[in-house]
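Nothing in this text is a laboratory measurement; each read-out follows from the coordinates by a stated rule. This one's a predicted model, so the numbers in the text were calculated from it and none came from an experiment. Cβ placement follows ideal geometry from the backbone for every residue including glycine, while neighbour counts extend to all protein chains displayed.
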Amino acid sequence: MTSDAASPAPSSVLGLAPVLPVVVVHHAADAVPLARALVAGGLPAIEVTLRTPAALDALRAIADEVPDAVPGAGTVLSAAQAGAARAAGARFLVSPGCTPRLLGAMKDSGVPFLPGVSTASEVVTLLEEGLTEMKFFPAEAAGGTAYLTSLAAPLPQARFCPTGGIGPASAPAYLALPNVGCVGGSWMLPAGATAAKDWGRVRQLARDAAALAV
């Protein structure tokens, strides 16, 4: 099976689950058991960040071997990365920020994407491009729930996946906002559990995260 043979891309990233796991994979061999644990816990959408040499191989393995997962690529910073991620089987793309060139590449990818924003002007710029789904990053540092609440009235058409500094204690407050579709985080992937390959713990933490839906 090739990555291109994976299931079709979702129409939206925001509605897949209340929490989008943000995954940093250092060893490609861990990708499949990690993804299976997340899916079993109720988190099918998995953002594999392009921060390590193993990231593309991890994406490819998840796309090929975990049919119930919806693998995506995070920390997409260039057109080349967007293309490589799609070739590896990414079914959505996420960027921490956005430039005209990167936006063009993500539009051309053929899959849904969440361009990163942290200001009202950036949100308006993307709305002018016909986009309504975005990543709000870094969420806590950029103003958190108070900032998103302030954006809701003047920009009600914009919806967000806040990411950055969010944990199980703060996630419910974000998920309660009308302009938040899901939150991104990595708390269900503690370093100790992944290092020990304790996939049972990852599965339970994923289950707890999936239960945060309001």
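The table for this structure:
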| quantity | calculated |
| --- | --- |
| Ranked list, fewest to most other Cβ atoms within 10 Å of each Cβ, for ARG36, ARG86 | ARG36, ARG86 |
| Computed label-point distance, nm, for sites ALA152 and VAL32 using a 7 Å Cα→Cβ extension | 4.4 nm |
| Student exercise, the range 16-207 dipole from Lys, Arg, Asp, Glu Cβ charges, in Debye to nearest 20 | 240 debye |
| Computed lengthening from ALA120 to SER12, 0.36 nm per intervening residue step minus Cα-Cα distance | 36.7 nm |
| CD proxy at 222 nm, helix term only [per DSSP H run n ≥ 4: -39500 (n - 2.57); per residue of the chain; nearest 500] | -10500 deg cm²/dmol |
| Whether the range 16-207 is rounded, prolate or oblate, judged on the alpha carbon gyration tensor where a/c under 1.5 counts as rounded | oblate |
| Those residues of the range 157-187 whose amide nitrogen sits under 14 Å from the label point placed on ARG207, 7 Å along Cα→Cβ | none |
| For the range 90-191: rounded, prolate or oblate by the Cα gyration tensor [a/c cutoff 1.5] | oblate |
| Choice from ALA63, ALA55, ALA176 with maximal GNM fluctuation in the chain (Cα, 10 Å cutoff) | ALA176 |
| For VAL111, VAL25, order by how many other beta-carbon atoms lie within 10 Å, fewest first | VAL111, VAL25 |
| Neighbour-count ranking [beta-carbon atoms within 10 angstrom, fewest first] of THR49, THR194 | THR49, THR194 |
| Scattering curve values for the range 1-90, log₁₀ I(q)/I(0), Debye with Cα scatterers, q = 0.11, 0.13, 0.22, 0.26 Å⁻¹ | -0.25, -0.35, -1.07, -1.50 |
| Cα centroid separation - the range 27-85 against the range 111-188, whole Å | 22 Å |
| Of THR194, SER150, SER170, farthest towards positive along the dipole that unit charges on Lys, Arg, Asp, Glu beta carbons give the chain | THR194 |
| Amide N of the range 73-93 lying under 13 Å from the label point, which is placed 7 angstrom from the Cα of ARG51 along Cα→Cβ | 74-76 |
